[in-house]
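*Asks:* Below: one structure in C-alpha cells.
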Amino acid sequence: MPTLIFPLSRIEGHAQVVIEVQGGEVISAHFQAIEFRGFEYFVQGAPAEQMPVIVPRICGVCSTAHHVAAVKTLEDVYGVTPPPLALKIRELLLLGQIIQNQATSLFIFTMPDRLGVASLFQATSSTSPSTGSGCASEQANAEIAMRALQVRKAGTDLITTAGGQFIHPIKAVVGGVTSGIGPEEATAMRTELSEALPIACELFDCYWEMSLAMGERIGTWGDDAPACYITAIADRRPNYYGDVIHVMCPDGVARASFSAHDFRVHLTYQETDYSYAGQTSYEGEVMRANSLARVNMARRMGTPRADEYLTRFHEAFGQPAHAIMLFDLARGIELVYALERAMEILAEPLDHEDTAVPHTPRDGEGYGLVEAPRGPLIHHYRIENGLIVQAEFIIPTVHNALAIERALRVAAERYITAERVDMELEHAVGRVVRAFDPCIACATH
Amino acid sequence: MRQFAVLQLSGCAGCEVSLLNAEAWVDRYKLVYMPLVISAYDVPEVDVLLVSGGVRTDEDLYNLRRAARRARQLVAVGTCAISGGVANLGDRDEVRELFLAEAERRHLPRLLPRIRPVDAVVTVDRYLPGCPPTPELFMAVLFTPTDFKVGKTVCRECGRKKRRDMRPTHLIGFEQGEVLPDVCLINQGYLCVGSSTRGGCRALCTRPGHPCVGCRGPSDTFIDKLSSEWFTSIQRVFAAMTDIPAEEIETALRSPQLALFLFQFSDYAGTGRPPRPKEKVL
C-alpha cells in the first residue's frame, strides 16, 4: 500500500500530511502534528498567579490569546470583575493579535500559493506554474513582502502598546491591566494603524483578485461540503474577548449557545495514535472554527470598510459559505475590521480611570474563554493551596482537525487515480492545510 | 548577498515572529530556509544558521546535526535553544513520568528522555538569549552594528526610580493589578530580578509595570558563575531595599516562572556543562 508523506511549511509548527492509497483509492488522509509540548504537565504545581506569564509560551503566534485566557480563568476562580477600562485595553490586545495573525496568514503564508512561489522572501524558486497574474516578478514579490510586514508590524506594535512585551504580553493581570495608555502613545499608535489600513486594503484587494484567478485555474475552492461552525463572538461588532460559544448548523441555523463551563456537554474530544494533537467534534459532526466560522455568523462588522467587504463576501459566496479557500478571504475582512476597530478604541480616553480592582486569591476551579484568531480558546484550571493541580487547554486548531482531514481527503480523491498521482496534489495539500491556518504549538500544547 | 537560515526545533515560534518584526533585514540578507515562511525542505550551505527551540524529539536531534554541518556560524536563539527553556519544567521528576507516558505514539518522532539545549549536541558560536530576543537584538546579531549599545542589566535600562522611603515587608506577588508609575517595582514589593538580568531588551516588561522574570538570563557579572551567586545577589538587593524576610524571597525565586529562565545557568539543573563564555553571548 503506497503511503504519500507531505511535509508542511508556511504554517505554525511541525506537521505533515500522510495519505494512504490502494489501487487508486484513498484509504486515509491524516493530518499529523509531529511535535509535543506538554504544558498541561509543565504547569502542575505552579503558583496559579504565574499562569498569565507562563502560558503565553505555549505559542509565540497565539501568545496574546493564551495570556488573556489565563487571566480570565483566574478571575473566574477568584470571582473578580475587571473595570471597563481594563476590558477595553484587553480588547485592543486581542485586536492586535488579529491584525498580526491575519496579515501573516494572508500575505506571508498563503499569498505565495496565489503567486506560485515558495515564499515572498525567496521568490526565485517557483513551486508551480505561474498564475499569470502579472504580479509574480521577484521585485513585485519583495514589495508585497515589505508592505505585508508593515501591516503585520502595526499589529505587533498594538500588542506592545496594550500588552507591554511584544510576543509574550504581560500587562493583563488578575483584576485588570497594569497600566492604561496615555494620549500621546494612543495618538501615535492610531496614526500607525491609519497608515497601515490603506495598505492592508490594497493588498487584500489584490489577494481577492488572485484568489478568484486561482479558483478558476485549479477549478475548485476546495472542500465545499457543509459543516457546523463554532465561534465565541456575537453576530455584530465582533469582540474577540469572548463571551458565549455559538454553534451554527450546516444549513445556517443557529443551533446552540453555551458558556465555557459547559463545553464538555457539547464538544467531544478524542486522541489519535497518529498525531500529538487531538480532535474535537460537535455532537459527532465535523466542525469548523476560525475566520470562516465568524464571517458566516456575522451580520455586521460595525466598521465602514470591513462592512463593505463583508457585504461583498456574502453576496458573492452566500451565507453560510462552505468552500475552504474562503477562510482566507474571511481573514482579510477581519484584518480590515481589526485595524478600524482599534482606531476607534484608541480615539477614546484610555488612562482616565482605574485600570484594575483589588482581589483576594482563593482555591477553586475556573474557565476562561477567548476568541483566538483560530477560534474559541478555553483554559480550565483547578487550584489547591494556591497551586495549579490541573490545567486543560481547549485549542481551536483541535476543533478544526476533523475538518482539515475531510478537506485533505477531498483533495486526495481529486488528484489520485488508479493510473497516477497528479503532482498538483502537493500544492493542494499545502493550500488545504493553510486555509485552516493551524497552529501546531497550540494544538499539542 | 549573505545567506542565512532559521531552524526551528521544539519551541513556540515566538523567536521567528520576533525576527519577522525586525523586517529591516529583508533586502540586506537572503533568507534561504525557514519553514514558517518558506516552502523549502532542506537547509542549504549558509553563512549563518539561527537555531530556535530545544532538542526535544529524535527528529530535532537529526535535523540539528544535519543543518549544523552546513553553517559557517551557528547562533542559538532564545531561551529554549540556550537552555531548553519552559520545557525544563516538564523535566521535574514528579512531572516527567506523567509526561513521558503521554509520549508513546505510533508513527511519530519519539520524545527524548529530557529536553536538551542546542550546545549539548553541536558547537554554538554565539548565543542570543531572550524569550524572545527583541527585533533590535536580532538585527544586532545579524549585522553586528558598531553603534549598538545596551545597558549591562535590565535595571540600568528601566528608568524607574528607587525610593528610600518605601520599604515593603512582604512580596505582593506578580498579579496584583495597578502599579505605581516611575517607582522601582522592588519598592512596590514585586519580585523583580532586573538587577542581575542581562540588558538589551530596553526593559520592555518593567517599564509598563511587570517585574522582570529574567528571560535574558544572567548579566555578564554572573554568566560564568554558579546560580547560587545569582541567588545571593538578588537577596542582597532585597535586603538593601526592603524588609522582606530572606526565606520569602528564597521560596519565590524557586517558583516556575523564574525557574524556567534560570536553566540558563549551566549548573541549575545539575547538567554539569561548562558556563557559556561571556564574549559569545549577545
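*Asks:* Once fully extended, how much extra length lies between B:ASP147 and B:ARG70, figured as 0.36 nm per residue of separation less the alpha-carbon to alpha-carbon distance? Can you show the working numbers first?
*Replies:* Working: separation 77, 0.36 × 77 = 27.72 nm, distance 3.04 nm.
Gain in length upon complete extension: 24.7 nm.
*Asks:* Please give the Cα centre distance for the stretch A:319-337 versus the stretch A:373-410, rounded to the nearest Å.
*Replies:* Using only Cα atoms to place each centre, the spacing works out to 22 Å.
*Asks:* Can you give the helix-only mean residue ellipticity at 222 nm for the protein assembly as shown, where every DSSP H stretch with n ≥ 4 adds -39500 (n - 2.57) and the sum goes over all residues, rounded to the nearest 500 deg cm²/dmol? Don't skip to the answer; put the middle values down first.
*Replies:* On the way: 25 runs with 275 residues, N = 727.
After summing the helix terms and dividing by the residues of the protein assembly as shown, the value is -11500 deg cm²/dmol.
*Asks:* Turning to a different aspect of this structure: Please order A:MET297, B:MET1 by the number of other Cβ within 10 Å, starting at the fewest. Don't skip to the answer; put the middle values down first.
*Replies:* Numbers: A:MET297 22, B:MET1 8.
Least to most surrounded, the residues fall as B:MET1, A:MET297.
*Asks:* Tilt of helix A:304-317 relative to the longest C-alpha principal axis of chain A, in degrees (0 to 90, nearest 10)?
*Replies:* Helix A:304-317 sits roughly 40 degrees off the main axis of chain A.
*Asks:* Something else now. Taking every DSSP beta bridge that has both residues in the protein assembly as shown, what percent is antiparallel when rounded to the nearest 5? Walk me through the numbers before you get to the answer.
*Replies:* Values: 52 of 75 bridges.
Restricted to the protein assembly as shown, the bridges split so that about 70 percent are antiparallel.
*Asks:* Loop only per DSSP, at most 12 neighbouring Cβ atoms within 10 Å: give me the chymotrypsin sites (Phe, Trp or Tyr not before Pro) in the stretch A:289-328, ordered by residue number.
*Replies:* Values: sites: A:TYR309, A:PHE313, A:PHE317, A:PHE327; in loops: none.
Here no loop site has a sparse enough neighbourhood.
*Asks:* Next question, about the same structure. Give the residue list of trypsin sites (Lys or Arg not before Pro) in the stretch B:183-239 that are DSSP loop and have at most 10 other beta-carbon atoms within 10 angstrom.
*Replies:* none
*Asks:* Could I ask something else about it? Using alpha carbon centroids, what distance separates the stretch A:162-211 and the stretch B:44-58, in Å?
*Replies:* 31 Å
*Asks:* What are the radius of gyration and Dmax of the stretch B:154-262, computed over its Cα atoms and given in Å?
*Replies:* Rg then Dmax for the stretch B:154-262, in Å: 12.7, 37.
*Asks:* Using a Förster distance of 35 Å, how high is the FRET efficiency between A:CYS249 and A:ARG312, based on the Cβ-Cβ distance and rounded to 0.05?
*Replies:* Efficiency computed from Cβ-Cβ geometry: 0.90.
*Asks:* Restrict the search to the stretch A:376-445; then list the trypsin sites (Lys or Arg not before Pro) that DSSP places in a loop and that have at most 14 other Cβ atoms within 10 Å of their Cβ. Could the numbers behind the result be given before it?
*Replies:* Working: sites: A:ARG382, A:ARG406, A:ARG409, A:ARG414, A:ARG420, A:ARG431, A:ARG434; in loops: A:ARG420.
Sites meeting the loop and neighbour criteria: A:ARG420.
*Asks:* Order of B:LYS162, B:LYS149, B:LYS30 from fewest to most other C-beta atoms within 10 Å?
*Replies:* Arranged by neighbour count, lowest to highest, B:LYS162, B:LYS149, B:LYS30 become B:LYS149, B:LYS162, B:LYS30.
*Asks:* Still on this structure: Calculate the FRET efficiency for B:ALA240 and A:ASP351 from the Cβ-Cβ distance with a Förster distance of 30 Å, rounded to the nearest 0.05. Each step should come with its number before you reach the end.
*Replies:* Working: r = 33 Å, r/R0 = 1.09.
That pair, B:ALA240 with A:ASP351, gives E of 0.40.
*Asks:* Right, here's the next one. Once the Cα gyration tensor of chain B is found, what semi-axes does its equivalent ellipsoid get, as square roots of 5 times the eigenvalues, in whole Å, sorted largest first? If you can, show how the numbers build up before the last one.
*Replies:* On the way: eigenvalues 227, 108, 49 Å².
Each semi-axis is the square root of five times an eigenvalue, giving 34, 23, 16 Å.
*Asks:* Can you tell me the orientation of helix A:84-103 relative to chain A, as the angle in degrees between its alpha-carbon axis and the longest Cα principal axis, to the nearest 10?
*Replies:* Value to nearest ten degrees: 20.
*Asks:* On C-alpha positions alone, give me the angle between the axis of helix A:326-346 and the longest principal axis of chain A, in degrees, nearest 10.
*Replies:* Taking Cα atoms only, the helix is inclined about 30 degrees.
*Asks:* Now a separate question. For the protein assembly as shown, just the Cα atoms, rotate onto the principal axes and tell me the three extents in Å, largest first.
*Replies:* 77, 54, 49
*Asks:* Strictly over 18 Å apart at the Cα level, which of B:LYS225/B:LYS280; B:LYS152/B:LYS278; A:LYS171/B:LYS162; B:LYS225/B:LYS278; A:LYS171/B:LYS161 would you flag in this model? Walk me through the numbers before you get to the answer.
*Replies:* On the way: B:LYS225/B:LYS280 15 Å; B:LYS152/B:LYS278 12 Å; A:LYS171/B:LYS162 21 Å; B:LYS225/B:LYS278 11 Å; A:LYS171/B:LYS161 20 Å.
Cα-Cα > 18 Å for A:LYS171/B:LYS162; A:LYS171/B:LYS161; rest within.
Where a number appears in this text, it was derived from the coordinates with a stated rule and is not lab data. Just so you know, these numbers come straight off a predicted model, no measurement behind them. Because the Cβ atoms are built from the backbone with ideal geometry, glycine has one as well, and the counts that use them run over all protein chains shown.
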